[in-house]
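Notes follow the structure.
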């Protein structure tokens with residue numbers, strides 16, 4: 001029987017905090033969890049006097065710290081540069097916003113075939129806050145999800161065998177939740193959230209992971225971790241998903257068990 005594995009594909013260090021409880025709960029259950037990050041967060045909101053390369057090194061360190069605290073087995077960087085904060089994105093060569101789609105999908109296909117995850121998690125079409133990097137990495141991962149199992153697409157050339165994951169999930173932060181917490185940011189439309197996972201047993205692990213980061217990481221996410229108790233505990237106890245592939249039956253959309261139905 002194939003080892004159970006989960007691959008989360010994110011855009012920037014810190015994005016994983018939105019699903020930190022889910023990652024921790026699955027590592028606790030013996031699932032091999034790996035994280036792929038498109039950029040090293042060179043253009044953080046509070047980069048201060050750090051150069052882009054110094055900021056990238058710090059953000060990479062922070063992501064590895066957080067993933068270690070969540071029990072993540074491996075962290076993969078896809079090699080793109082951060083396109084910049086929302087509203088100030090740069091279109092410089094090497095940024096994710098300028099990525100060649102075919103090349104990017106090829107790299108993700110190779111990663112999926114290597115990791116062999118039954119479940120893949122990434123951003124949905126809203127990107128939570130509409131950031132182009134969030135939206136784009138979700139689109140590229142969605143394309144790669146379908147292509148990874150097709151041996152006619154991106155022939156192996158000595159690489160891993162084709163592998164088709166069983167499920168693709170989009171994660172989000174409901175707009176209503178951010179409004180309730182008085183945190184700025186558009187969030188995910190509530191109607192786009194189908195499943196809510198109870199991760200209350202892993203709130204402490206989530207908080208420990210968030211402590212790996214300084215200011216400058218995703219403001220909507222960090223805002224949740226900085227709320228006073230008991231509000232913080234209440235809002236961090238749930239994480240939000242939508243099953244994107246295979247297209248679910250109406251009754252299956254709300255199933256919070258990501259590996260349900262996978263032998």
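Residue-wise test of (1) over 13 Å from residue 17 (Cα atoms); (2) modelled with pLDDT of 80 or more; (3) in contact with a helix residue (DSSP H, G or I) (Cβ under 9 Å, 6 or more places away or on another chain); (4) crowded, with 16+ Cβ neighbours inside 10 Å.
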residue: 173; (1), (2), (3), (4): no, yes, yes, yes
residue: 190; (1), (2), (3), (4): yes, yes, yes, no
residue: 211; (1), (2), (3), (4): no, yes, yes, no
residue: 216; (1), (2), (3), (4): yes, no, yes, yes
residue: 230; (1), (2), (3), (4): yes, yes, no, no
residue: 236; (1), (2), (3), (4): no, yes, yes, yes
residue: 242; (1), (2), (3), (4): yes, yes, yes, yes
residue: 247; (1), (2), (3), (4): yes, no, no, no
residue: 250; (1), (2), (3), (4): yes, no, no, no
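For first residues located in the range 70-92 and under 17 Å from residue 14 (Cβ atoms), partners that are modelled with pLDDT under 75 and part of a loop (DSSP other than H, G, I, E, B) and lie 6+ apart or on another chain with Cβ distances below 7 Å form the pairs 83/89; 83/90; 84/90; 85/45.
Yes/no matrix, rows are residues, columns are (1) in a helix (DSSP H, G or I); (2) modelled with pLDDT of 95 or more; (3) over 24 Å from residue 126 (Cα atoms):
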position	(1), (2), (3)
38	no, yes, no
45	no, no, no
54	yes, no, yes
57	yes, no, yes
67	yes, yes, yes
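For the range 96-114, a tally of residues being crowded, with 21+ Cβ neighbours inside 10 Å and at pLDDT below 95 returns 2. Scanning the range 21-33 for residues that are surrounded by fewer than 22 Cβ atoms within 10 Å (Cβ to Cβ) and either without any contact (Cβ under 8 Å) to a residue 24 or more places away in the chain or outside any helix (DSSP H, G or I) (or both) returns 29, 30, 31, 32. Each residue in the range 127-159 was checked for being assigned to a loop (DSSP other than H, G, I, E, B) and at pLDDT 90 or above, and 7 of them qualify.
Checking the stated criteria, residue 141 turns out not to satisfy the condition of being more than 25 Å from residue 33 (Cα to Cα) and surrounded by 18 or more Cβ atoms within 10 Å (Cβ to Cβ).
Cβ-Cβ contacts under 7 Å between residues 6 or more apart (or on different chains), taken from a first residue in the range 145-169 that is without any contact (Cβ under 8 Å) to a residue 12 or more places away in the chain to a second residue that is surrounded by 15 or more Cβ atoms within 10 Å (Cβ to Cβ), are listed as 151/162. Residue 166 meets each of the listed conditions (1) at pLDDT 95 or above; (2) under 17 Å from residue 129 (Cβ atoms) apart from (2).
The single condition among (1) over 25 Å from residue 117 (Cβ atoms); (2) at pLDDT below 90 that residue 257 does not meet is (1).
The values are calculated or read from the model by the stated rules, or taken from the named source; none is laboratory data. Predicted model only: the values in this text are computed from it and were never measured. Please note: Cβ atoms are built from the backbone with ideal geometry, for glycine as well, and neighbour counts cover all protein chains shown.
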